[in-house]
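Student: Just dropping this structure here.
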Amino acid sequence: MKRPTAQLVLSAYAQGIFPMAHPEEDYRIYWYAPDPRAIIPLDGLIVSRRLRQSVRQAIYEIRVNTAFNEVIAQCAAPREIEAETWISEGLTAVFGELHRLGFAHSIEAWRDDCLVGGLYGVGIGGFFAGESMFFRETNASKLCLVHLVERMRARGFSLLDVQFMTAHLRSLGAVEIPRSDYESQLVEAIGRPCVFAE
């Protein structure tokens, strides 16, 4: 199946729509705009005591955009709880192109020059859509999320979209808002002159 272009995907995000591939349908791509929509308020991230200790101990080196392709490959890899993934080869290629264009980014946790956790997403103006995360060591992906939120706050971002609510995201402070509210916040966020990475 023909994959969408980077321009189409970027336009969709700007309208509050995102793609997911369905492995049970030969990775056919569907487009989603959930109502309600899950977001993590930038002042509402829940950081546990254990996670806060990990941040202070700085046991991982946090890097930005140094291994985007490896991060998305790890996010797309089969897991114990998920044998298949929504991140198809076609979407991987599109996100890779968005990365080269400066719109998709990775936050990475490294230990001894080994990638042990990460997340990636799409940023437009002051908006960031968190797409997926992975970890090989405890709390590595959560530390990346902490860094992401700190980076967004420091650079004037206003909206962190996490799309669908899960118990895991709720434990990190995610909330659901009506799509109309989300779309209003999205317009405001995209209009901000923010830079995620130089």
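Where a number appears in this text, it was derived from the coordinates with a stated rule and is not lab data. Just so we're clear, the structure is a prediction, and the values are computed from it rather than from any experiment. Positions of Cβ are generated from backbone atoms using ideal geometry, with glycine treated the same way; all protein chains shown enter the neighbour counts.
Student: Using a Gaussian network for the chain with springs between C-alpha atoms less than 10 Å apart, which of these wobbles most: G125, G44, G117?
Tutor: G44
Student: Taking the Cα centre of the chain as origin, sum charge times position over the Cβ atoms of Lys and Arg (+1) and Asp and Glu (-1), and report the length of that vector in debye to the nearest 20.
Tutor: Dipole of the chain, to the nearest 20 debye: 600 debye.
Student: Next question, about the same structure. Looking at region 90-179, which chymotrypsin sites (Phe, Trp or Tyr not before Pro) are in a loop (DSSP not H, G, I, E or B) and have at most 14 other Cβ atoms within 10 Å?
Tutor: On the way: sites: F95, F103, W110, Y120, F127, F128, F134, F135, F157, F164; in loops: F103, F157, F164.
Answer by residue number: F164.
Student: Further question on the same structure: Select from G125, N69, W110 the residue farthest towards the positive end of the dipole of region 69-139; place +1 on Cβ of Lys and Arg, -1 on Cβ of Asp and Glu, and compute about the Cα centre.
Tutor: Working it through, the farthest residue towards the positive pole turns out to be G125.
Student: Count the net charge of all other residues whose Cβ sits under 14 Å from the Cβ of L51, scoring Lys and Arg as +1 and Asp and Glu as -1.
Tutor: My count for the surroundings of L51 gives +3.
Student: Separation between the D113 and S171 pseudo-spin-labels, each 7 Å from Cα along Cα→Cβ, expressed in nm?
Tutor: A separation of 3.4 nm, rounded to one decimal place.
Student: Right, next: If you take Rg and Dmax of the Cα atoms in Å from the coordinates, which of (i) 17.4, 56; (ii) 16.3, 54; (iii) 16.0, 47 do you get?
Tutor: Answer by label: (iii).
Student: Under 8 Å for C-alpha pairs, at least 6 residues apart: give me the relative contact order for region 49-198, rounded to a whole percent.
Tutor: Normalised by residue count, the contact order of region 49-198 is 22 percent.
Student: Mind giving me the FRET efficiency for R28 and Q53? R0 is 45 Å, r the Cβ-Cβ distance, nearest 0.05 is fine.
Tutor: 0.55
Student: First select every other residue whose beta carbon is under 13 angstrom from the beta carbon of I190; then total the charges, Lys and Arg +1, Asp and Glu -1.
Tutor: Net charge around I190: -2.
Student: Note down the nm distance, to one decimal, between modelled labels 7 Å out along Cα→Cβ at I17 and at A67.
Tutor: My value for the distance between the label points is 3.6 nm.
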